[in-house]
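Here is the structure we will look at.
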Amino acid sequence: KQTFYVTNSVPQLQDRFNGSIWQSLEGALQNIGKSEEIYIVTGVAFNKVGESKTIKYTTAKDDTNKQVPVPNYFYKVVLKVNKSGSTITDASAIGFWFEHKEYEKGDSYEKYSVSVDQIEQWTGFDFFVNVPDSYETTAETNSSWSGF
């Protein structure tokens with residue numbers, strides 16, 4: 001609910017991306033969030049660090065005078081923490097990286113899991129900096145959905 005704002009909207013392929021594989025991932029994370037404390041960062045990338053992909057543009061249906069860039073990639077990084085009071089006692093993390101394209105029906109988001117470290121390398125961002133290094137370093141190396 002914290003993300004459903006117009007300022008958090010971005011052009012996406014609907015039927016075989018946003019309405020399929022991306023929606024499945026979001027549903028799985030919402031289910032986990034019902035019983036565990038998780039933190040999710042969702043973002044887009046136009047290029048990986050050091051890459052030079054063409055950026056396509058689209059126009060809004062209600063304002064054809066404005067060009068809007070269409071991301072080449074979408075990602076999510078997810079952190080799950082265990083706490084004793086306000087102290088973190090354990091953490092695990094997982095990342096997901098998707099090329100912005102149409103995916104086959106039934107394609108699983110699990111195939112696109114990567115480590116948070118990998119997404120940090122591709123984006124240049126440093127996620128979860130407030131997690132103690134002893135937990136962050138280990139958690140951010142996981143690339144397995146089942147290991148999350």
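Of the listed requirements (1) closer than 23 Å to Q23 by Cα; (2) assigned to a strand (DSSP E or B); (3) open to solvent by 20 Å² or more (accessible area, probe 1.4 Å); (4) not basic (K, R), V77 misses just one: (3).
Inclusion of E51 among residues that are outside any strand (DSSP E or B), among the charged types (D, E, K, R) and in contact (Cβ under 8 Å) with a residue 12 or more places away in the chain is not warranted. Return the total of residues in the range 92-136 being basic (K, R) and assigned to a helix (DSSP H, G or I). Counting residues in the range 92-136 that are basic (K, R) and assigned to a helix (DSSP H, G or I) gives 1.
If you filter the range 1-58 down to residues that are under 22 Å from L79 (Cα atoms) and among the acidic types (D, E), you find that the one that is surrounded by the most Cβ atoms within 10 Å (Cβ to Cβ) is E26. Of all residues in the range 27-46, exactly one satisfies the criterion of being outside any strand (DSSP E or B) and in contact with a helix residue (DSSP H, G or I) (Cβ under 9 Å, 6 or more places away or on another chain), namely A28.
Which of the residues spanning the range 83-108 are free of Cβ contacts under 8 Å to residues at least 12 places away in the same chain and of a type outside the set (V, I, T)? Of everything in the range 83-108, those that are free of Cβ contacts under 8 Å to residues at least 12 places away in the same chain and of a type outside the set (V, I, T) turn out to be S84, G85, S86, G106. Restricting the range 113-127 to residues that are β-branched (V, I, T) and closer than 11 Å to A93 by Cα, the residue that is least open to solvent (accessible area, probe 1.4 Å) is V116. If you go through the range 128-146 and keep only what is open to solvent by 50 Å² or more (accessible area, probe 1.4 Å), over 25 Å from N18 (Cα atoms) and either in contact with a Ser or Thr (Cβ under 8 Å, 6 or more places away or on another chain) or charged (D, E, K, R) (or both), you end up with D133, T141.
The values are calculated or read from the model by the stated rules, or taken from the named source; none is laboratory data. Computed from a prediction, not measured in an experiment: that's the story for all the values here. We place every Cβ from the backbone using ideal geometry, glycine too, and count neighbours over all the protein chains shown. When the accessible area is computed, the model is the full protein with side chains, heavy atoms only, and any ligands, DNA or RNA have been set aside. Shrake-Rupley method; radii C 1.70, N 1.55, O 1.52, S 1.80 Å.
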